[in-house]
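Read the figures in this text as sums done on the coordinates, not as results from a lab. Everything quoted here is computed from the prediction, not taken from an experiment. Don't worry about glycine lacking a Cβ; one is built from the backbone with ideal geometry, like all the others, and counts go over all protein chains shown.
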Amino acid sequence: SQQGEEDPQALSIQEGENATMNCSYKTSINNLQWYRQNSGRGLVHLILIRSNEREKHSGRLRVTLDTSKKSSSLLITASRAADTASYFCATVLQGGSNYKLTFGKGTLLTVNP
Amino acid sequence: EAGVAQSPRYKIIEKRQSVAFWCNPISGHATLYWYQQILGQGPKLLIQFQNNGVVDDSQLPKDRFSAERLKGVDSTLKIQPAKLEDSAVYLCASSFTSGGSYEQYFGPGTRLTVT
């Protein structure tokens, strides 16, 4: 079963706008990661946030984590056409011995030029 | 730094046939993963190796899927016999350590179509 569930399933915006994607999960986590997948570069790691962190930034990306609500959000600012891709959240469960990544179904982001 | 290599990139077979996929991880990465990604879904972990030992194969359909990682480097994933529902992209990934703090690097995947 998939641990994370992204919302919305699909998002279409204009270039220059901000895009926000949300992820909810069910059980306690060690960390949460966001990945991007497009046909050109495959699946690529974007950012990792640990369970004791609340917010992280990386370039135009901002990730928040609310462990009390078991949710995370990914904000992409000043979007570009090249940001068009599927975005997945993936969780690593707390206490697991092998740090297995469990992916959600993803959000398909389309940035129109 | 060379990335994770996979071959073939595409494969079309008939049901009940067998197929094998190959993966070469990033040099020095001890942990290797095989994922199955069905269209419209996120990747699902099939098997995880630490060096040449299996760490997790709880979601591997062992009646038809097998995987090995000889010498702790390259890995092969085999399906025998294939079913229609095995149509998917098979992704190989590697990481420096099995610790969850380290990102996984993914290969381009093999798109399998079973007819």
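Some observations on this one:
- Volume per residue that the Cα convex hull of chain B spans, once the total is divided by residue count, Å³: 96
- Excluding same-chain neighbours fewer than eight residues apart, the lysines reachable from residue A:100 by a Cα-Cα span under 21 Å are A:26, A:70, B:44, B:62.
- Among the trypsin sites (Lys or Arg not before Pro) within the stretch A:1-88, those in coil by DSSP and having at most 14 neighbouring Cβ atoms inside 10 Å are A:26, A:41, A:54, A:60, A:69, A:80.
- Förster radius 25 Å - calculated FRET efficiency between residue B:111 and residue B:20, Cβ distance, rounded to 0.05: 0.95
- Normalised by the number of residues in the stretch A:4-86, the mean separation of alpha-carbon contacts (under 8 Å, six or more apart) gives a relative contact order of 33 percent.
- For the stretch B:9-76, trypsin sites (Lys or Arg not before Pro) are listed when DSSP marks them as loop and at most 15 other Cβ atoms sit within 10 Å of their Cβ; the list is B:9, B:15, B:16, B:62, B:64.
- Whichever aspartates and glutamates have a C-alpha closer than 20 Å to that of residue B:83, once near sequence neighbours (fewer than 8 apart) are set aside: B:14, B:57, B:63
- Net charge over other residues, Cβ less than 15 angstrom from the Cβ of residue B:113 (K, R count +1; D, E count -1): +3
- Debye log10 I(q)/I(0) at q = 0.10, 0.20, 0.23 Å⁻¹ for the stretch A:5-112, Cα point scatterers: -0.26, -1.00, -1.29
- Max-minus-min Cα coordinates of the protein assembly as shown on each principal axis give 48, 39, 34 Å, with the largest extent listed first.
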